[in-house]
Amino acid sequence: MNVTERFLHYVSFETTSDEDGTTSPTTQGQRVFGEALTKELTAIEEQLGQEQILIQKFKMYAGMTQDQQLKACCEQIASKHEIHKNKLLNLLA
């Protein structure tokens, strides 16, 4: 999802507060929006963890092999996971 799509998704939630509300959040729409954000951030956090594990594994594999072709392949895979991890971090920026 690009920035524009993400923005349009977020503004589709009804988040107008209830001035007479005694709870926080004051409306069901605010609760639903908060739950959606929590779910999205949890998924990103889990993906970041998986990417970090894959980066470490493929760097370890590259360090363990004597085969230069296999070493280069493992380093390339680790690099691709590093790029993906950085893209996920940019979602949080």
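Just one of Gln30, Gln47 is closer than 30 Å to Ser12 by Cα, open to solvent by less than 80 Å² (accessible area, probe 1.4 Å) and not charged (D, E, K, R); which is it? That would be Gln30, the only listed residue that is closer than 30 Å to Ser12 by Cα, open to solvent by less than 80 Å² (accessible area, probe 1.4 Å) and not charged (D, E, K, R). Cβ-Cβ distances below 6 Å connect the following pairs, each with a first residue in segment 77-88 that is without any contact (Cβ under 8 Å) to a residue 40 or more places away in the chain and under 9 Å from Phe58 (Cα atoms), a second residue that is of a type in the set (A, V, I, L, M, F, W, C) and buried (at least 16 other Cβ atoms within 10 Å of the Cβ), and a separation of six or more residues or different chains: Ile77/Phe58; Ala78/Ile55; Ala78/Phe58. What pairs come up if the first residue lies in segment 35-64 and is in contact (Cβ under 8 Å) with a residue 24 or more places away in the chain, the second is open to solvent by less than 50 Å² (accessible area, probe 1.4 Å) and small (Gly, Ala, Ser), and their beta carbons are under 7 Å apart, counting only those six or more places apart or on different chains? Listed pairs, sorted by first residue: Ile55/Ala78. Of all residues assigned to segment 9-22, at least one qualifies as being surrounded by 12 or more Cβ atoms within 10 Å (Cβ to Cβ), under 23 Å from the mean Cα position of the chain (by Cα) and closer than 19 Å to Leu91 by Cα. Restricted to helices (runs of 4 or more DSSP H) entirely inside the chain, those with at least 2 residues that are touching a Ser or Thr at 6+ places or on another chain (Cβ under 9 Å) are 28-64, 68-92.
The values are calculated or read from the model by the stated rules, or taken from the named source; none is laboratory data. Treat the numbers as computed from the prediction; the structure is a model and nothing was measured. Note that we place each Cβ from the backbone using ideal geometry, even for glycine, and neighbour counts take in every protein chain shown. Remember, those area values only see protein heavy atoms, side chains included, never the ligands or the DNA or RNA. Shrake-Rupley method; radii C 1.70, N 1.55, O 1.52, S 1.80 Å.
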